[in-house]
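A short write-up of the structure that comes next.
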Amino acid sequence: MARIAIFGAGYVGLVTGACFADLGHDVVVRDVLPERIEQLQVGELPIYEPGLEEVLERSSDRISFTLDVREAVTGADFVYVAVGTPPTYAGDADLSAVWTVIDELPDDASATIVMKSTVPVGTGEKVRAALEARGLDSVGYVSNPEFTAEGTAVRDFMEPDRVVIGAFEDEDGDAVEALHTGIDAPVVRTDVNSAEMIKLAANAFLVTRISFINEIANVCELVGADVQHVATGVGLDHRLGPHFLRAGIGWGGSCFPKDSLALKQLAANSGYHFQLLNSVIEVNELQKRRVLQKLERHLGRLRGKRVALLGLAFKPNTDDMREAPSLVLASRLIAEGAEVRGWDPVARPEIQGVALCATPLEAVTGADAAVIVTEWPQLLELPTEEARKAMRHPLIVDGRNLLDPAAVRALGFAYEGTGRRISPTDVLPEAAEPELETSE
Ligand code: UGA
């Protein structure tokens, strides 16, 4: 069994560390945030990730947490880099945290560096050159990108579709492959640049699928088709598959927005205009704003109207608010003069101008519209007679097609899904006319 130092105690670093410990390796996780390390040392989790606590408990004698670089690196066979690579103002990936890890390595380091963080293609070559310039020629370098999704990260790590390993030297790749003994998955062995590109291309392809189905949904609304049925019919083609065809309010999160932007910039910096990816990103920006048009169609001008945003995290089963569509919606609604209430079962974000509520019912009380932004299963219970009576206008805009339109309408709500047939009876007569400015 190997000794592995993991740099970065975020979603990726903690899941990687916990799962490697579960596979029997000795793991030390190092982070720069004292409060984060203190929490972990007393068995508290700084993030919400289903299943992670159990894995950590199970392997607690094989995993430790430290602020100290030397403590982490001493005796380590591998140094996994799992730090954040957020976008810079220019849209490129900000690699400063990655470089800090490389620069902090002691001069006598001998462990193999394994890059888990998502980095632009060419990063491995730059790190290799920097190591050689420091005389650390014997330090190996391997790219081992992650494909875990938040909310299912532990399962995704333990039962992945594939493990990708890009190495400069075969024996370094072999050693990283051996770390994954116990995981039953195809292993893709390749060069470092290709491994880096696999990660970026996979995420770019996934967002392309979502933006594609979102545009199909938008056309469905105009021509009277139902995107749910369309996605089922399309996804059953084995060449296309059923995944990532859920139409909605747009994609967000800690990875898709930054990785698609980083690939777009990488291409542009290399002299290529990635037209398709540019459109995919633009479609997503517009998608987040379409809810406003739907609300206006029902309510007229939004000034003074109360809107409940239900589900704030970028997707269910996470507390992560990074690039959450709810943030764009809230600020657009506030800019239009609407009063915004928010509810989420886990995320407690401070969004300026948004009053957080303890329950969906509290959020919709007195509201002119309820918008399902994130498909938390709790919201399946939303359409009740009590909720309808509590609302000023019983309108549900279902940004995730969570609810059954017929059942919701039968309860007396006006309902608008995404890419679903719009019922003419849904438009509330008293609110449909845009309010006219009156000059007194
Ligand atoms: C994503 C990828 O799914 C992982 O494979 C990848 O490892 C990870 O990014 C990463 O690069 O670290 P994640 O961001 O956790 O994982 O979440 P997803 O479940 O992929 O959802 C991302 C966004 O797409 C969410 O806003 C979700 O609502 C949206 N989405 C997803 C749709 O709108 N429709 C779909 O059909 C699927």
TODO: Give just the number: which of (1) loosely packed, with under 12 Cβ neighbours inside 10 Å; (2) hydrophobic (A, V, I, L, M, F, W, C); (3) within 12 Å of the ligand (Cβ to nearest atom) does VAL223 not satisfy?
DONE: (3)
- [ ] Please work out which residue is most open to solvent (accessible area, probe 1.4 Å), limiting yourself to segment 19-48 and to residues that are touching a Lys or Arg at 6+ places or on another chain (Cβ under 9 Å) and small (Gly, Ala, Ser).
- [x] GLY24
Task: Pair list, Cβ < 6 Å and 6+ apart or interchain, from segment 34-49 residues that are closer than 11 Å to GLY10 by Cα to residues that are among the small types (Gly, Ala, Ser) and surrounded by 10 or more Cβ atoms within 10 Å (Cβ to Cβ) - done: ARG36/ALA9; GLU49/ALA153
TODO: Any residue in segment 293-318 that's within 16 Å of GLU362 (Cα to Cα): show its pairings with residues that are at pLDDT below 95 at Cβ separation under 6 Å, as long as the two are six or more apart or on different chains.
DONE: LEU312/ALA347; LEU312/PRO349
Task: Conditions (1) open to solvent by 10 Å² or more (accessible area, probe 1.4 Å); (2) out of contact with any strand residue (DSSP E or B) (no Cβ under 8 Å at 6 or more places or on another chain); number of the one not met by ARG128 - done: (2)
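Which of the residues belonging to segment 363-398 are β-branched (Val, Ile, Thr) and assigned to a strand (DSSP E or B)? Walk me through how you get there before you give the answer.
Let us first name the residues in segment 363-398 that are β-branched (Val, Ile, Thr), namely 364-365, 371-374, 384, 396-397.
Answer for segment 363-398, where residues must be β-branched (Val, Ile, Thr) and assigned to a strand (DSSP E or B): VAL371, ILE372, ILE396, VAL397.
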Open item on the list: With the requirement that a residue be assigned to a helix (DSSP H, G or I), under 19 Å from GLY224 (Cα atoms) and at pLDDT below 95, what does segment 407-440 give you?
Closed with: PRO424, THR425, ASP426
Task: Condition broken by GLU104, with the remaining ones in (1) touching a helix residue (DSSP H, G or I) at 6+ places or on another chain (Cβ under 7 Å); (2) under 19 Å from GLU196 (Cα atoms) satisfied - done: (2)
TODO: May I ask you to list the residues in segment 309-327 that are open to solvent by 10 Å² or more (accessible area, probe 1.4 Å) and not acidic (Asp, Glu)?
DONE: PHE314, LYS315, PRO316, ASN317, MET321, ARG322, LEU327
- [ ] Report, by residue number, each residue of segment 185-209 that is surrounded by 18 or more Cβ atoms within 10 Å (Cβ to Cβ) and among the small types (Gly, Ala, Ser).
- [x] ALA195, ALA204
- [ ] Filter segment 71-99 down to residues that are buried (at least 17 other Cβ atoms within 10 Å of the Cβ), of a type in the set (A, V, I, L, M), in a loop (DSSP other than H, G, I, E, B) and within 29 Å of the chain's Cα centre (by Cα), then give me how many there are.
- [x] 3
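Among ALA358, ALA330, ALA347, ALA335, which is closer than 25 Å to ASN284 by Cβ and surrounded by fewer than 15 Cβ atoms within 10 Å (Cβ to Cβ)? Don't jump to the end; show me each part of the working.
On the way: ALA358 fails: closer than 25 Å to ASN284 by Cβ; ALA330 fails: surrounded by fewer than 15 Cβ atoms within 10 Å (Cβ to Cβ); ALA347 fails: surrounded by fewer than 15 Cβ atoms within 10 Å (Cβ to Cβ).
ALA335 is the lone residue from the list that is closer than 25 Å to ASN284 by Cβ and surrounded by fewer than 15 Cβ atoms within 10 Å (Cβ to Cβ).
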TODO: Tally the residues that are assigned to a loop (DSSP other than H, G, I, E, B) and either within 11 Å of the ligand (Cβ to nearest atom) or not aliphatic (A, V, I, L, M) (or both), restricting the search to segment 234-284.
DONE: 23
- [ ] Among the residues of segment 155-184, write down those that are within 27 Å of GLY253 (Cβ to Cβ) and open to solvent by 20 Å² or more (accessible area, probe 1.4 Å).
- [x] ARG155, ASP156, MET158, GLU159, PRO160, ASP161, ARG162, ILE183
TODO: Please give the number of the condition PRO87 fails out of (1) closer than 27 Å to ARG189 by Cα; (2) within 16 Å of the ligand (Cβ to nearest atom).
DONE: (1)
- [ ] Working only within segment 133-154, note down all residues that are over 16 Å from GLY17 (Cα atoms), open to solvent by 50 Å² or more (accessible area, probe 1.4 Å) and touching a residue at least 12 places away in the same chain (Cβ under 8 Å).
- [x] ARG134, GLY135, SER138
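Select from segment 366-389 the residues that are open to solvent by less than 60 Å² (accessible area, probe 1.4 Å) and either within 16 Å of the ligand (Cβ to nearest atom) or within 23 Å of ARG301 (Cβ to Cβ) (or both) and list them in ascending order. Break it down stepwise before answering.
From segment 366-389, those open to solvent by less than 60 Å² (accessible area, probe 1.4 Å) are 366-376, 379, 382-384, 387; that's our starting set.
Of everything in segment 366-389, those that are open to solvent by less than 60 Å² (accessible area, probe 1.4 Å) and either within 16 Å of the ligand (Cβ to nearest atom) or within 23 Å of ARG301 (Cβ to Cβ) (or both) turn out to be GLY366, ALA367, ASP368, ALA369, ALA370, VAL371, ILE372, VAL373, THR374, GLU375, TRP376, LEU379.
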Task: Per-region count, segment 100-124, residues surrounded by 15 or more Cβ atoms within 10 Å (Cβ to Cβ) and either among the aromatic types (Phe, Trp, Tyr) or part of a helix (DSSP H, G or I) (or both) - done: 5
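Quick check on my filter: what residues within segment 306-323 are under 18 Å from ASP398 (Cα atoms) and not in a strand (DSSP E or B)? If you could, list the steps in order and put the result at the bottom.
Within segment 306-323, the first condition is being under 18 Å from ASP398 (Cα atoms), and the residues that meet it are 306-316.
GLY311, LEU312, ALA313, PHE314, LYS315, PRO316 - these are the residues of segment 306-323 that are under 18 Å from ASP398 (Cα atoms) and not in a strand (DSSP E or B).
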TODO: Can you run down the residue pairs with Cβ atoms below 6 Å, 6 or more apart or on separate chains, where the first is in segment 194-213 and more than 10 Å from the ligand (Cβ to nearest atom) and the partner is in a helix (DSSP H, G or I)?
DONE: ALA204/SER260; ALA204/LEU263; ALA204/LEU277; THR208/VAL280
TODO: Go through (1) among the hydrophobic types (A, V, I, L, M, F, W, C); (2) surrounded by 24 or more Cβ atoms within 10 Å (Cβ to Cβ); (3) assigned to a loop (DSSP other than H, G, I, E, B) one by one and return the number of the condition VAL291 breaks.
DONE: (3)
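Could we say that VAL354 is within 19 Å of LEU312 (Cβ to Cβ) and touching a residue at least 24 places away in the same chain (Cβ under 8 Å) here?
Answer is yes for this residue.
The values are calculated or read from the model by the stated rules, or taken from the named source; none is laboratory data. Keep in mind that this is a model prediction, so the values were computed, not measured. So basically every Cβ, Gly included, is an ideal-geometry build from the backbone, and we count neighbours across all protein chains shown. For the accessible areas, the whole protein counts, side chains as well, though only heavy atoms, and no ligand, DNA or RNA atoms are used. Shrake-Rupley method; radii C 1.70, N 1.55, O 1.52, S 1.80 Å.
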